[in-house]
Amino acid sequence: MAVLLQLQGHEVRPSHDGQSALEEAHASRSDVMFLDLDLPKMDGYEVARRLRLELAMRDMRLVAMTGYGQEEDRRLTQEAGFQLHLVKPVDFNKVEELLSSLPGGRRHRAKPIGEITRKS
């Protein structure tokens, strides 16, 4: 996903665990964060909850990008502060539609967190 977004002209800053994602969010102030739910060190729900507690981070668009797609999973992501819940494999056209719909059009600082493939 990171490579596809970069090829479309977006600035991408991948992180591979929840703690790094939180730190990167503070450093980069991205427009959008694509966040896996099952992350090492801190899960995506906790990252989202912590970001939503901070006034400076409340405008960041949080997108759950996960293999969890049940109704309960969607309810939990909404409660944690996510605006969108995408189930893997994610349709890249939906990601582009989301980015195009944001103020400023097509070029955004997007950050996939907890990449789709992780080494065990």
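Here, each number is a calculation from the coordinates, and none is a lab measurement. Treat the numbers as computed from the prediction; the structure is a model and nothing was measured. Cβ sites come from the backbone with ideal geometry, for glycine too, and all protein chains shown count toward neighbours.
Points worth noting:
- Computed FRET value (nearest 0.05) for Ser28 with Lys94, which takes r as the C-beta separation and R₀ as 25 Å: 0.65
- Unit charges at the beta carbon, dipole of segment 2-113: most positive-side option, Ser30, Asn93, Tyr68: Ser30
- If only the Cβ of Lys and Arg carry +1 and only the Cβ of Asp and Glu carry -1, the dipole of the chain around its Cα centre is close to 300 debye.
- Correct option for P(r) over Cα pairs in 10 Å bins from 0, in percent [calculated from the coordinates] among [x] 14, 51, 33, 2; [y] 11, 34, 29, 19, 7, 0; [z] 15, 41, 32, 11, 1: [x]
- Helical contribution to [θ] at 222 nm, DSSP H n ≥ 4, -39,500 (n - 2.57), averaged over the chain, rounded to 500: -11000 deg cm²/dmol
- Percentage relative contact order, the chain, counting C-alpha pairs under 8 Å, at least six apart: 39
- Contour excess over end-to-end distance, with Cα ends at Glu54 and Gln70 and 0.36 nm allotted per residue: 2.9 nm
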